Amino acid sequence: MSKINEILTAEREAELLRPIDEYVGAIQKEIDEYRLDGTAKVLQLKNHIRTVKEDRIYTKEEKAREIAKDQVELEKAKAVEAQNKDKVNELVRRAEAYLKEHYKKDVYSHVKSACDSAREEEKKDYARKLQELKKEHLAALESFRRLDAADRKREVKDENHVYKSRVFDAKMVHLQALQEIKDRQHESFSYQYHLIDLLRMSKFTFAQSRAQKSENRRYTFNRKEFLLRNGLYIVIVLIFIALAIVTPLVKNTQLITFTNIMNILQQASPRMFLALGVAGLILLTGTDLSIGRMVGMGMVASTIIMHQGINTGGVFGHIFDFTSLPLGVRIIMALIVNIILCTLFTSIAGFFTAKFKMHPFIATMSNMLIIFGIITYATKGVSFGAIEPQIPKIIIPKINGFPTIILWAVAAIAIVWFIWNKTRFGKSLYAVGGNPEAAAVSGINVFLVTLGAFILAGILYGFGSWLECARMVGSGSAAYGQGWDMDAIAACVVGGVSFTGGIGKISGVVVGVLIFTSLTYALTILGIDTNLQFVFEGIIILTAVTLDCLKYVRKK
């Protein structure tokens, strides 16, 4: 018999519940009588109408006749429902008031007290059991002293194994007992809302819904799982808090100010596009090492098209001059060229990955080398200077000091969230990432989904590069964007997009980007060397992937 049953038997708990069941049950019976020809019939008729509409046995005319007949009855039932609504609401109010006054005081408090006592008793018993096992173990080891060295070594090894097994068994029994106590308390808490559920037909008030969610979180909470899932975030937040405290002391300037927050969000906005793009590839157990070089390519292309005056540098020796075109045309042209170039290269990597099962690491590394080689050779590695100063005011103007580049990032987050969560392609993306063989068997075209993920990534890279060009007012060069691939991948990993595939949320990607951008900004203000920032970033990535692997191992 479990500890909780020794302290509070099921029969005793039933006795405590009897007055409540009788009172609320009587009210429930009255409510059911009022609902019989009203609410209950409304639900029945609506379900019948839905069934008739979906039933292919009926002809169109028969469906119309059946639905018309049900509609007449439905109107009568609604009238009865409206007539009895006030009476039902009053009965529900009376029952809820009684439950509020008596349930916690007369039932739940006794169950909770018994569970607390049972929990303490179980912990004491477990401690005594461990002491007994330890005592027996030491006695057994002592008895082996009379044996010769070889026999003693063998017996000690066997005894240690037996001792560990007994301790493990005791721990499992202890945890099971604690879970039984936890279940009993949770069931007692939930029973009140079971009665309310019947009274309200599952239409809980906001306060009732919040109370149940709070209890369910408490009931399902596991410290180890919580730390495994959120430990890295907690550490990073603590580090950021420490930086916020240290920065005023060391640099005589505040870290958390409105200006700094806006600067962080501005820096994070173009990077958000890149992280959202590569997140889809990581979801497919892939990656993209060419992001930084695509940013450099996009910056060069955008700066050439939107350059202030005739270009001073050339591409394969040719000097471009787009000044004759209207400014709006040049802006749109730069965006289109960016998207085309980035999508072209991601499509090539996606084709080789999907068609020949090539690992994305190889396909995108090839892209990285090809892009950097072509752009550096074509431009001789020179920077193309600044774009027209009016362009940032058109693309990302500041309205009352608010940088609208943030709105571009918000729009990208909303669109990609919709694609991931509300479209067939998004559901297929998760399915292919989780198990491509099973996805193929279920009718999903793995080739098209994989290629689609790379194309979507290319579009996002193009947008991100274009926005970065506007934010930096040009300065396009092939070397720009170096290291951005690692930043984007790291943001996804820290945000919970798993390399094991099929696991990840857009909210996690957003959090990851903001975390990395904030920390980089804070370390820069503090004067930490850029090279040491790379070390810090590497440690975070290693920790995040380790935690992700641990979660995967625990699931297996």
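Below is a table of values for the structure above.
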{"item": "Any chance residue 312 is over 28 Å from residue 364 (Cα atoms), in contact (Cβ under 8 Å) with a residue 24 or more places away in the chain, among the hydroxyl-bearing types (Ser, Thr, Tyr) and surrounded by fewer than 16 Cβ atoms within 10 Å (Cβ to Cβ)", "result": "yes"}
{"item": "Residue 287 being touching a residue at least 24 places away in the same chain (Cβ under 8 Å), assigned to a loop (DSSP other than H, G, I, E, B) and within 20 Å of residue 372 (Cα to Cα)", "result": "yes"}
{"item": "Residues within region 348-366 that are surrounded by 15 or more Cβ atoms within 10 Å (Cβ to Cβ), in contact (Cβ under 8 Å) with a residue 40 or more places away in the chain and closer than 15 Å to residue 450 by Cβ, tallied", "result": "7"}
{"item": "Of residues in region 248-284 being polar (S, T, N, Q) and touching a residue at least 24 places away in the same chain (Cβ under 8 Å), the one surrounded by the most Cβ atoms within 10 Å (Cβ to Cβ)", "result": "269"}
{"item": "Condition broken by residue 28, with the remaining ones in (1) surrounded by fewer than 12 Cβ atoms within 10 Å (Cβ to Cβ); (2) within 29 Å of residue 188 (Cα to Cα); (3) not hydrophobic (A, V, I, L, M, F, W, C) satisfied", "result": "(1)"}
{"item": "One residue from 479, 457, 439 being surrounded by fewer than 23 Cβ atoms within 10 Å (Cβ to Cβ), assigned by TED's automatic domain parsing to the domain that holds residue 298 and modelled with pLDDT of 90 or more", "result": "439"}
{"item": "Residues of region 107-157 satisfying the condition of being without any contact (Cβ under 8 Å) to a residue 12 or more places away in the chain, over 24 Å from residue 14 (Cβ atoms) and of a type in the set (Gly, Ala, Ser)", "result": "127, 139, 143, 149, 150"}
{"item": "Candidate set: region 385-395, residues that are touching a Gly at 6+ places or on another chain (Cβ under 8 Å) and modelled with pLDDT of 85 or more; chosen: the one nearest to residue 329 (Cα to Cα)", "result": "394"}
{"item": "Residue check for residue 497: crowded, with 19+ Cβ neighbours inside 10 Å and in contact with a helix residue (DSSP H, G or I) (Cβ under 7 Å, 6 or more places away or on another chain)", "result": "yes"}
{"item": "Meets criteria (modelled with pLDDT of 95 or more and more than 30 Å from residue 550 (Cα to Cα)) for residue 464", "result": "yes"}
{"item": "Condition broken by residue 228, with the remaining ones in (1) within 27 Å of residue 491 (Cα to Cα); (2) at pLDDT 80 or above; (3) not hydroxyl-bearing (Ser, Thr, Tyr) satisfied", "result": "(2)"}
{"item": "Complete set of residues in region 287-340 that are in contact with an Asp or Glu (Cβ under 8 Å, 6 or more places away or on another chain) and aromatic (Phe, Trp, Tyr)", "result": "none"}
{"item": "Search result, residues across region 379-412 that are in a helix (DSSP H, G or I) and either of a type in the set (A, V, I, L, M) or not assigned by TED's automatic domain parsing to the domain that holds residue 273 (or both)", "result": "391, 394, 395, 405, 406, 407, 409, 410, 411, 412"}
{"item": "Within region 1-20, tally of residues that are free of Cβ contacts under 8 Å to residues at least 60 places away in the same chain and either part of a helix (DSSP H, G or I) or among the small types (Gly, Ala, Ser) (or both)", "result": "7"}
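For (1) farther than 17 Å from residue 459 by Cβ; (2) hydrophobic (A, V, I, L, M, F, W, C), each residue gets a yes or a no:
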{"position": "347", "(1), (2)": "no, no"}
{"position": "376", "(1), (2)": "yes, no"}
{"position": "390", "(1), (2)": "yes, no"}
{"position": "408", "(1), (2)": "no, yes"}
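Listed here are the residues, each with its yes/no results for (1) loosely packed, with under 12 Cβ neighbours inside 10 Å; (2) part of a helix (DSSP H, G or I); (3) assigned by TED's automatic domain parsing to the domain that holds residue 85.
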position: 124; (1), (2), (3): yes, yes, yes
position: 141; (1), (2), (3): no, yes, yes
position: 191; (1), (2), (3): no, yes, yes
position: 202; (1), (2), (3): yes, no, yes
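The values are calculated or read from the model by the stated rules, or taken from the named source; none is laboratory data. Treat the numbers as computed from the prediction; the structure is a model and nothing was measured. When we count neighbours, we look across all protein chains shown, and the Cβ atoms used for this are built from the backbone with ideal geometry, even at glycine.
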